[in-house]
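As C-alpha cells, the structure follows; a few thoughts come after it.
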Amino acid sequence: MTMRAVLKAGFVSMLLAAGLAAGPASASDATNPNARRIVSIGGTATEILYALGAGDRVIARDTTSSYPPEAMKKPDIGYMRALSPEGILGQSPDLILAEEGAGPPDAIAILKASAIPVSTLRTPPRADAIATKIRDVGAAVGLSDKAEALAEKTDADLKALAADVAKLPQPRKRVLFVLSLANGRIMAGGKDTEAAAIIGLAGGVNAADAISGYKPLTDEAVIAARPDVILVMQSGNHGVTPEAVFALPAFQSTPAAAEKALVRMDGLLLLGFGPRTPEAARSLAAHLYPGSL
C-alpha cells in the first residue's frame, strides 16, 4: 500500500471514529468546474456526464450506471444505496456527483465531511425536471454551455412527443408497472413514481394510481386495476418473464393476460428520466399503440 493510500485510509477511519461530530464541511450542491476525477453515483447522473462529453473525467461509477456501455468499464463502487465511503475516497476523486437518495446517510455524511466537493443531483420523477438535472450537472463540472444545449434539445423532444401522444387513439391503455415478483408478491408503481410519469408521457393510464410510491398489491387490487398491459424491466435483479407474470392468479383474469400483453424495457432507459426519456416514452407508446406513432 502506498503512503498516500495509508493516509487516505487513516483519514476515513478517523472520520468514522469521530462519529461525524464536526458535521459536513462541504455543501451538498458543491461544484468543481476543473474536476478531472469524478465519481458518479446514479445512472442518470452518469448518463448526463457522458452526454456532455465528460465521460473521460469519470473515474468510477455505481452499479446503476449502466449507460452508455463504456461507463461499465469504469470501476464499480457499489450500489448507490449501499455505498462504502472508503471505496469512494480510495479512488482519489476531486468531485463526487451523487443523485439524491444515495446512501446510507452515514456514508454520505462521511463523504460531505471530507475535503472532496460533493454535488447532489435532485431527481424528481417529472419530465419538466429533466432540463434542470442536465443544467445542474453541467454547472457542477463546468460544462454549462453544453448542458444548456442538451437541455433545450431534450425539452424540444419532449414537446414533440407530447404533440404526437395527443393524437393517439382512445381509450387509453391501462398500464401496470411491476417492479418485482419476489415470492409471488407483486410490487407495483403507484402515483408519484418514475413509472407513473413515463406511463403518462407515453399516453397510458397508470393502473396502480390507487397507491402512492412502489408498494405491494394484493391479488384483489391487481384484478381491480384492470391492466391492459403489464410493464416490466428487462434486466437486472428486477427482471421478470411473461411466463412468471401470467402464471400468477392475480393476472390471469386481467385484460393483459387475455392478450399476453407484456412490455419489457431497459430499467435505466425507462425510469432514469434523463436525456433519453423522450426516446423511452416514444418507444413505450409504440408498444402500447402499435402503428399509431
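Structural remarks
- Helix 3-18 axis versus longest C-alpha principal axis of the chain: approximately 70°, rounded to the nearest ten.
- The alpha carbon radius of gyration of region 174-287, expressed as a multiple of 2.2 N^0.38 Å, is 0.95.
- Principal semi-axes of the equivalent ellipsoid, √(5λ) from the alpha carbon gyration tensor of region 45-130, are 19, 16, 12 Å from largest down.
- Estimated at 0.36 nm per residue, the fully extended path between D29 and A244 surpasses their Cα-Cα distance by 73.1 nm.
- Among beta bridges that DSSP assigns inside region 174-287, antiparallel share in %, nearest 5: 40 percent
- For the residues L97, L271, L83, a GNM of the chain with alpha-carbon springs under 10 Å puts the largest fluctuation on L83.
- Amide H contacts for Y214 (H built 1.01 Å from N in the peptide plane; partners 5 or more residues away or on another chain; cut-off under 5 Å): G190.
- CD proxy at 222 nm, helix term only [per DSSP H run n ≥ 4: -39500 (n - 2.57); per residue of the chain; nearest 500]: -11500 deg cm²/dmol
- Anchor K133: lysines whose Cα lies under 22 Å away (excluding residues fewer than 8 positions away in-chain): K112, K146, K153, K159, K191
- Where labels lie 7 Å past Cα in the beta-carbon direction, separation of A258 and A82 in nm: 4.2 nm
- Calculated diffusion of region 96-250, Stokes-Einstein form, Kirkwood radius summed over Cα pairs, 25 °C and 0.890 mPa s, µm²/s: 136 µm²/s
- A straight Cα-to-Cα reach below 18 Å connects K73 with the aspartates and glutamates E47, D56, D62, residues fewer than 8 places away in its own chain not being considered.
- Rg and Dmax over the alpha-carbon atoms of region 34-85 stand at 9.9, 28 Å.
- Highest to lowest packing among 31-43, 105-117, scored as the average C-beta count within 10 Å: 31-43, 105-117
- Within straight-line cross-link reach of K260, lysines at Cα separation under 16 Å, skipping those fewer than 8 residues along the same chain: K173
- Here the relative contact order of region 202-293, from alpha carbon pairs under 8 Å that lie six or more residues apart, stands at 31 percent.
- Ranked packing of 158-171, 137-150, most packed first, by mean Cβ within 10 Å: 137-150, 158-171
- Gyration tensor (alpha-carbon) shape descriptor, region 231-293, a/c threshold 1.5: oblate
- Separation of alpha-carbon centers, region 127-151 and region 162-192, rounded to whole Å: 28 Å
- Shape call, the chain: gyration tensor on alpha carbons, a/c limit 1.5: prolate
- Shape of region 76-182 from the C-alpha gyration tensor: oblate (a/c of 1.5 or more and a/b not above b/c, with a ≥ b ≥ c the square roots of its eigenvalues).
FYI, it's all coordinate maths here, none of it is from the lab. Everything quoted here is computed from the prediction, not taken from an experiment. In this analysis, Cβ positions are derived from the backbone assuming ideal geometry, glycine residues included, and neighbour counts consider all displayed protein chains.
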